[in-house]
Amino acid sequence: MILDQREVQRKGGLAAKYPTSYIVAQLLKKHKFERVLDVTFGRGRFYKIYRPRLLIGADPMRREWVVKPDLFFQKPVWSLRYEKELQNYTFDLIVADPPWGDSTYRRRPEYREALGTPEIILEYAIRLARERGIRFVLVHYNKVPKLDGTEIIENIAFRPVARYLNIDLERFVTYFTLYKIM
(Lines give C-alpha, C1' and ligand atoms only; values in the text may rest on other atoms or scores of the structure.)
Protein backbone atom coordinates (compact mmCIF):
# COMPACT_ATOMS: atom_id res chain seq x y z
CA MET A 1 0.00 0.00 0.00
CA ILE A 2 1.27 3.48 -0.87
CA LEU A 3 0.26 6.32 1.42
CA ASP A 4 0.86 9.83 0.15
CA GLN A 5 1.66 12.52 2.71
CA ARG A 6 -1.17 14.67 1.29
CA GLU A 7 -3.70 11.99 2.30
CA VAL A 8 -2.51 12.18 5.90
CA GLN A 9 -2.36 15.98 5.94
CA ARG A 10 -5.99 16.20 4.81
CA LYS A 11 -6.94 14.64 8.14
CA GLY A 12 -5.55 17.75 9.85
CA GLY A 13 -4.59 18.16 13.50
CA LEU A 14 -1.91 15.90 14.92
CA ALA A 15 -1.97 13.67 11.82
CA ALA A 16 -0.82 16.61 9.68
CA LYS A 17 1.88 17.54 12.20
CA TYR A 18 3.06 13.96 12.91
CA PRO A 19 2.30 11.90 9.77
CA THR A 20 4.51 8.98 10.81
CA SER A 21 2.70 8.88 14.14
CA TYR A 22 -0.58 8.58 12.25
CA ILE A 23 0.74 5.53 10.36
CA VAL A 24 2.10 3.87 13.51
CA ALA A 25 -1.17 4.58 15.35
CA GLN A 26 -3.17 2.89 12.59
CA LEU A 27 -0.92 -0.19 12.70
CA LEU A 28 -0.98 -0.44 16.50
CA LYS A 29 -4.77 -0.16 16.63
CA LYS A 30 -5.41 -2.50 13.70
CA HIS A 31 -3.27 -5.29 15.12
CA LYS A 32 -4.14 -4.54 18.78
CA PHE A 33 -0.54 -4.01 19.91
CA GLU A 34 -0.71 -2.65 23.46
CA ARG A 35 2.74 -3.55 24.84
CA VAL A 36 5.51 -2.03 22.74
CA LEU A 37 9.29 -2.14 23.08
CA ASP A 38 10.84 0.52 20.86
CA VAL A 39 14.56 -0.24 20.51
CA THR A 40 15.31 2.98 18.61
CA PHE A 41 13.09 5.29 20.62
CA GLY A 42 14.59 8.64 19.67
CA ARG A 43 12.09 11.36 20.62
CA GLY A 44 9.06 9.07 20.74
CA ARG A 45 7.14 10.95 18.07
CA PHE A 46 5.65 7.68 16.71
CA TYR A 47 3.33 7.64 19.75
CA LYS A 48 2.01 11.20 19.69
CA ILE A 49 -1.38 10.23 18.24
CA TYR A 50 -1.82 6.87 19.94
CA ARG A 51 0.18 5.73 22.94
CA PRO A 52 0.06 2.01 23.74
CA ARG A 53 -0.77 0.88 27.27
CA LEU A 54 2.90 -0.10 27.89
CA LEU A 55 5.66 1.78 26.08
CA ILE A 56 9.29 1.02 26.85
CA GLY A 57 12.01 2.76 24.90
CA ALA A 58 15.69 2.16 24.38
CA ASP A 59 18.21 4.22 22.47
CA PRO A 60 21.96 4.88 22.78
CA MET A 61 21.19 8.61 23.00
CA ARG A 62 18.64 10.37 25.15
CA ARG A 63 16.79 13.20 23.43
CA GLU A 64 14.03 15.61 24.37
CA TRP A 65 10.91 13.45 24.19
CA VAL A 66 7.68 14.21 22.35
CA VAL A 67 6.11 11.27 24.21
CA LYS A 68 7.68 10.00 27.42
CA PRO A 69 8.01 6.21 27.67
CA ASP A 70 7.03 4.26 30.79
CA LEU A 71 10.62 3.13 31.08
CA PHE A 72 13.72 4.13 29.13
CA PHE A 73 17.07 2.39 28.74
CA GLN A 74 19.94 4.44 27.38
CA LYS A 75 21.44 1.43 25.62
CA PRO A 76 21.68 -0.02 22.14
CA VAL A 77 19.38 -2.91 21.22
CA TRP A 78 22.04 -5.61 21.69
CA SER A 79 22.47 -4.63 25.36
CA LEU A 80 18.79 -5.07 26.20
CA ARG A 81 19.03 -8.85 26.42
CA TYR A 82 21.03 -8.40 29.64
CA GLU A 83 18.71 -5.84 31.22
CA LYS A 84 17.17 -7.51 34.29
CA GLU A 85 14.46 -4.87 34.77
CA LEU A 86 13.18 -5.57 31.26
CA GLN A 87 12.62 -9.24 32.13
CA ASN A 88 9.51 -8.28 34.15
CA TYR A 89 7.61 -7.28 30.99
CA THR A 90 6.05 -9.05 28.03
CA PHE A 91 5.59 -7.35 24.67
CA ASP A 92 3.36 -7.66 21.62
CA LEU A 93 5.70 -5.76 19.30
CA ILE A 94 9.24 -4.48 18.86
CA VAL A 95 9.65 -1.25 16.88
CA ALA A 96 12.94 -0.63 15.09
CA ASP A 97 13.58 2.62 13.25
CA PRO A 98 17.29 2.48 12.43
CA PRO A 99 19.00 5.62 11.12
CA TRP A 100 19.07 5.62 7.36
CA GLY A 101 19.99 9.17 6.48
CA ASP A 102 23.49 10.45 5.91
CA SER A 103 25.22 8.78 8.84
CA THR A 104 28.81 9.30 7.77
CA TYR A 105 30.05 8.99 11.36
CA ARG A 106 28.87 5.34 11.32
CA ARG A 107 31.57 4.52 8.79
CA ARG A 108 34.13 4.61 11.56
CA PRO A 109 34.33 1.17 13.21
CA GLU A 110 34.26 2.45 16.79
CA TYR A 111 30.99 4.33 16.17
CA ARG A 112 29.43 1.39 14.35
CA GLU A 113 30.09 -0.74 17.41
CA ALA A 114 28.84 1.88 19.83
CA LEU A 115 25.70 3.06 17.99
CA GLY A 116 25.15 0.37 15.39
CA THR A 117 24.57 0.39 11.68
CA PRO A 118 21.02 -0.12 10.43
CA GLU A 119 21.83 -3.74 9.56
CA ILE A 120 23.19 -4.45 13.05
CA ILE A 121 20.20 -2.77 14.73
CA LEU A 122 17.72 -4.81 12.66
CA GLU A 123 19.64 -8.05 13.23
CA TYR A 124 19.60 -7.58 17.00
CA ALA A 125 15.95 -6.47 17.04
CA ILE A 126 15.03 -9.79 15.41
CA ARG A 127 17.29 -11.70 17.82
CA LEU A 128 15.72 -9.95 20.81
CA ALA A 129 12.23 -10.71 19.50
CA ARG A 130 13.08 -14.41 19.21
CA GLU A 131 14.73 -14.56 22.63
CA ARG A 132 11.78 -12.82 24.32
CA GLY A 133 9.05 -14.65 22.41
CA ILE A 134 7.83 -11.44 20.76
CA ARG A 135 5.99 -12.41 17.57
CA PHE A 136 6.03 -9.12 15.65
CA VAL A 137 8.59 -6.49 14.63
CA LEU A 138 7.70 -3.17 12.98
CA VAL A 139 10.53 -1.69 10.91
CA HIS A 140 10.59 1.89 9.62
CA TYR A 141 13.31 2.12 6.99
CA ASN A 142 14.08 3.51 3.52
CA LYS A 143 13.69 0.05 1.97
CA VAL A 144 12.03 -3.24 2.84
CA PRO A 145 14.85 -5.32 4.30
CA LYS A 146 14.87 -9.09 3.94
CA LEU A 147 14.98 -10.42 7.47
CA ASP A 148 15.70 -14.14 7.81
CA GLY A 149 13.05 -16.20 9.53
CA THR A 150 10.32 -13.60 9.15
CA GLU A 151 7.21 -13.10 7.06
CA ILE A 152 5.89 -9.71 5.97
CA ILE A 153 2.39 -9.17 7.34
CA GLU A 154 1.85 -5.60 6.15
CA ASN A 155 3.85 -3.00 4.27
CA ILE A 156 3.03 0.69 3.94
CA ALA A 157 5.12 2.88 1.65
CA PHE A 158 4.94 6.49 2.85
CA ARG A 159 5.64 9.04 0.16
CA PRO A 160 6.49 12.56 1.37
CA VAL A 161 5.59 15.53 -0.78
CA ALA A 162 7.33 18.89 -0.99
CA ARG A 163 4.24 20.81 -1.94
CA TYR A 164 5.90 24.23 -2.13
CA LEU A 165 8.48 22.90 -4.57
CA ASN A 166 5.71 21.09 -6.47
CA ILE A 167 7.68 17.84 -6.71
CA ASP A 168 7.20 14.35 -5.39
CA LEU A 169 10.15 13.13 -3.41
CA GLU A 170 10.09 9.54 -4.77
CA ARG A 171 13.59 8.77 -3.57
CA PHE A 172 12.60 9.64 0.01
CA VAL A 173 9.85 7.03 0.28
CA THR A 174 10.00 5.25 3.62
CA TYR A 175 8.47 1.92 4.50
CA PHE A 176 6.62 0.77 7.57
CA THR A 177 6.93 -3.01 7.38
CA LEU A 178 5.33 -5.33 9.92
CA TYR A 179 7.10 -8.67 10.18
CA LYS A 180 5.96 -11.82 11.92
CA ILE A 181 8.71 -13.91 13.47
CA MET A 182 8.52 -17.48 12.16
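Got a sec? What order do ARG135, ARG35 fall in by accessible area at 1.4 Å, biggest, i.e. largest, first?
Descending accessible area places them as ARG135, ARG35.
I'd like the accessible area for VAL137, computed on protein heavy atoms only with a 1.4 Å probe and all protein chains in place. Round to 10 Å², please.
About 0 Å², rounded to the nearest 10.
As a test of reading the structure, rank TYR22, TYR47 by solvent-accessible area (1.4 Å probe, protein chains only), most first.
Sorted descending by solvent-accessible area, the residues read TYR22, TYR47.
Taking a probe of 1.4 Å, how large is the accessible area per residue of the chain, in Å²?
The answer is 54 Å² per residue.
Roughly what percent of Cα-Cα pairs across the chain reach past 25 Å?
Summing the P(r) of the chain above 25 Å gives 32 percent of all pairs.
So, counting K/R as plus one and D/E as minus one, what does the shell of residues with Cβ under 13 Å around ILE94 add up to?
Cβ neighbours under 13 Å give a net charge of +2.
I'd like the Karplus ³J(HN,Hα) series for the stretch 28-40: coefficients 6.51, -1.76, 1.60, θ = phi - 60°, whole numbers in Hz, and an x wherever there's a Gly or Pro.
The phi angles translate into 4, 5, 4, 9, 6, 8, 10, 10, 10, 10, 9, 8, 9 Hz.
Quick check: at a probe of 1.4 Å, how many percent of the accessible area of the chain sits on carbon and sulfur atoms?
49 percent
Accessible area of THR90, 1.4 Å probe, to the nearest 10 Å²?
90 Å²
Compute, for TRP100, the solvent-accessible surface of its heavy atoms (probe 1.4 Å) with the complete set of protein chains present, and express it in square angstrom to the nearest 10.
80 Å²
Can you give me the C-alpha center-to-center distance between the stretch 36-66 and the stretch 11-34, rounded to a whole angstrom?
One Cα centre to the other: 14 Å.
Sort VAL66, VAL95 by heavy-atom solvent-accessible area, probe 1.4 angstrom, most to least. Walk me through the numbers on the way to the answer.
On the way: VAL66 35, VAL95 0 Å².
Putting VAL66, VAL95 in descending order of accessible area: VAL66, VAL95.
In percent, how large is the relative contact order of the chain, given Cα pairs closer than 8 Å and 6 or more residues apart?
Over the chain, the number comes to 20 percent.
Tell me which lysines have Cα within less than 29 Å of LYS17's Cα, excluding those fewer than 8 residues away on the same chain?
Reachable lysines: LYS29, LYS30, LYS32, LYS48, LYS68, LYS75, LYS143.
For LEU3, what residues show an amide H to amide H distance below 5 Å, using hydrogens built from the backbone and excluding near sequence neighbours?
ALA157, PHE158, ARG159
The values are calculated or read from the model by the stated rules, or taken from the named source; none is laboratory data. Fair warning: this is a prediction, and the values are worked out from it, not measured in the lab. Counting neighbours? That spans all protein chains shown, and the Cβs are built from the backbone with ideal geometry, glycine included. These area figures cover heavy atoms from the full protein model, side chains too; ligands, DNA and RNA do not enter into them. Shrake-Rupley method; radii C 1.70, N 1.55, O 1.52, S 1.80 Å.
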